[in-house]
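One structure below.
The values are calculated or read from the model by the stated rules, or taken from the named source; none is laboratory data. Keep in mind it's a predicted model, so treat the numbers as computed, not measured. We place every Cβ from the backbone using ideal geometry, glycine too, and count neighbours over all the protein chains shown.
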Amino acid sequence: MVKEKTSKSGRRHFIGWSLFTGLVAFLGMLLYPVLRFIMPPKLAESSQNTVKAAKVDELSPNSAKTFPFNNKPAILIRLPNGEYRAFSAVCTHLQCTVQYREDFKMIWCACHNAKFDLNGNVSSGPPPSPLEAFDVFTSGEDILVSKKV
Amino acid sequence: MKIEKFYNWVNDRLDLSGISNFADKKVVPVHKYHFWYGIGGITLFLYIIQVLTGILLLLYYRPTAENAFESVEFIMTSVRFGWLIRSIHSWGANLMIFFLFIHMFSTYFMKAYRKPRELTWISGAFLLILALAFGFSGYLLPWNKLAFFATKVGTEMAAVIPVIGHDVLIFLRGGEEVTGATLTRFFGFHVALLPLITALFLVIHIILIQAQGMSVPPSLSEEYEKKPKSMKFFPDFMLRDAVGWLLVLGLLGILAAIFPWELGEKADPYASAPQGIKPEWFFVFLFQTLKYIPGKILSFSGESLAIFAIAIAVVLWIFIPFLDRKGQKNLHSRTFTVIGIILVLYIIALTAISYFFD
Ligand code: HEM
Ligand code: FES
């Protein structure tokens, strides 16, 4: 009697357990493609080392422009002395796009009022690290910017 | 009477006596804080307006980076009364969140979260989170510069969540960056996912309220028990409610007509962030809090710690009914009243600082 009872409840336990794991597996099977669908596929990133940022006569001294570099904004600055500098324009704090401030001759992020000097180093505000600097050179009529090697 | 005939016709097929008995018996307590019972209804009314105007906007709005801005411009300039519908939707969103805050704090101070209304409070807290998500996702839809950068910064915050932060960011943005993919996603959240979940929570919230009736604050309950006074819901309280709703509708019309909602400039993913980037006002006190947090606290990023602390505060807020031990015994807890006052003052002060002194 006693034995039968335990084996019965053992069997019931086993059936319950199988149903439960079956159900979990079934739900997992339904959910898995949904979860994968939600996360976007990786796009092949076009990775260029050099882009054309501007024309030679485009920027006057003490001005700047932003341009796309590998799908991210970058900034080309013409210093008051006529020299060019280029940086990633993505603020290292929370990724706003920085701008050149002609009035105080610095790079400025409007989002949380951060300032970078003209070497890309943080001079005030929350960003944890400097802006990535790029190389600038001219080729004929064009100003080219490339990743530092 | 025609209406009576119709009622009888339906009643013959479907027993309506339960509903009419319920409506007949439903009463609302009358006491000196009675006024605050109407705010939840106003919030509901504004949500209904959002759904209706939102559906109208859907007739012309196009959720892609190439077309979104132009389609809203088209609504504003070419569609007849387009400016009105869009302005009502935008003002309505802000008023709804405003009244939601008032409603939440008034129920908080009246300690309406006490047993047996814990679940009403919790479902309400979720409704607030949903409304904030509505606001955050809707803000991006016109695809203008301010919204673009606000979304960039806002979604970047997700990255501080330990372990899954980056995946959450990718999920929100539909990629590494804020792009047209983000816009399409936010559109889907805004017009399908959030309305569906909100409807569910609204039904729960409202059923609980109907089943339990309105609470009387513990600070008044002794007095109230000696001399209970109440008013019938149908038609007395409902007519009062209706007056409030009409006033809000009037306010909405005035705001929309005098201050049509601005559209700004089209977002350009490669242009610099303009000056004056701010999230919407209901996020400003959090945004301002982050500004005062030092970049590094010990060896942790100050930002991550602050966001972590805010998350804990939100969870505690949701579970207030279980934290207020006195409230569980139907007593008035001064401590919790003071906590609420501090919180309200904090929110007002930081918002004011951000707008007037920064
Ligand atoms: C089913 C309900 C809703 C639908 C179908 C809907 C639909 C839309 C659409 C199509 C837009 C883009 C057009 C535009 O920007 O004016 C929009 C914008 C917006 N929605 Fe909604 N919406 C709904 C509910 C809500 C709710 C409940 C809130 C707030 C609590 C809200 C807040 C906003 C905001 C802030 C905007 C941006 C307004 C702007 O700048 O133009 N929406 N909504
Ligand atoms: S994103 Fe640039 S300072 Fe915060």
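Out of (1) assigned to a loop (DSSP other than H, G, I, E, B); (2) at pLDDT 90 or above, what's the single condition that is false for A:Lys52?
Status for A:Lys52: all satisfied but (1).
Going through the stretch B:94-115 one residue at a time, which ones are part of a helix (DSSP H, G or I) and over 16 Å from B:Leu130 (Cβ atoms)?
B:Leu95, B:Ile102, B:Phe105, B:Ser106, B:Thr107, B:Tyr108, B:Phe109
In the stretch B:105-124, which residue that is buried (at least 19 other Cβ atoms within 10 Å of the Cβ) and of a type in the set (A, V, I, L, M) is modelled with the highest pLDDT?
Filtering the stretch B:105-124 for residues that are buried (at least 19 other Cβ atoms within 10 Å of the Cβ) and of a type in the set (A, V, I, L, M), the one modelled with the highest pLDDT comes out as B:Ile122.
Could you run through the stretch B:129-188 and say how many residues are touching a strand residue (DSSP E or B) at 6+ places or on another chain (Cβ under 8 Å) and more than 16 Å from ligand 1 (Cβ to nearest atom)?
Here the count works out to 2.
Would you be able to tell me the number of residues in the stretch B:72-90 that are more than 9 Å from ligand 1 (Cβ to nearest atom) and under 17 Å from B:His190 (Cα atoms)?
1
Any residue at all in the stretch B:136-153 that is within 29 Å of B:Leu345 (Cβ to Cβ), out of contact with any helix residue (DSSP H, G or I) (no Cβ under 6 Å at 6 or more places or on another chain) and away from ligand 2 (no atom under 16 Å from the Cβ)?
yes
Look through the stretch A:130-149, keep the residues that are small (Gly, Ala, Ser) and in contact with a strand residue (DSSP E or B) (Cβ under 7 Å, 6 or more places away or on another chain), and return whichever of them is nearest to B:Leu290 (Cα to Cα).
Step by step, filter the stretch A:130-149, then rank; the result is A:Ala133.
Condition check ((1) more than 16 Å from ligand 2 (Cβ to nearest atom); (2) within 14 Å of chain A (Cβ to nearest Cβ); (3) of a type in the set (S, T, N, Q); (4) outside any helix (DSSP H, G or I)) across all residues:
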residue	(1), (2), (3), (4)
B:Leu119	yes, no, no, no
B:Ile129	yes, no, no, no
B:Ala159	no, yes, no, no
B:Ile170	yes, yes, no, no
B:Glu177	no, yes, no, yes
B:Val191	yes, no, no, no
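Considering only residues of the stretch A:100-121 that are of a type outside the set (Phe, Trp, Tyr) and crowded, with 20+ Cβ neighbours inside 10 Å, which is farthest from the other protein chains (Cβ to nearest Cβ)?
A:Gly120
Give the residue that is nearest to B:Val160 (Cα to Cα), with candidates limited to residues of the stretch A:84-95 that are facing chain B (nearest Cβ under 8 Å) and surrounded by fewer than 24 Cβ atoms within 10 Å (Cβ to Cβ).
Checking each candidate, the answer is A:Leu94.
Which residues, taken from the stretch B:145-176, are surrounded by 22 or more Cβ atoms within 10 Å (Cβ to Cβ) and over 28 Å from B:Phe300 (Cα atoms)?
Listed by number, the residues that qualify are B:Ala147, B:Phe148.
Is there a residue in the stretch B:306-314 that is modelled with pLDDT under 90, part of a helix (DSSP H, G or I) and crowded, with 16+ Cβ neighbours inside 10 Å?
Looking through the stretch B:306-314, at least one residue is modelled with pLDDT under 90, part of a helix (DSSP H, G or I) and crowded, with 16+ Cβ neighbours inside 10 Å.
Tell me, which helices (runs of 4 or more DSSP H) lie completely within the stretch B:1-85 with 2 or more residues that are touching a residue at least 60 places away in the same chain (Cβ under 8 Å)? Step through it out loud before you land on a result.
Values: elements: B:2-13, B:17-25, B:39-58, B:68-77.
Those helices (runs of 4 or more DSSP H) span B:17-25, B:39-58, B:68-77.
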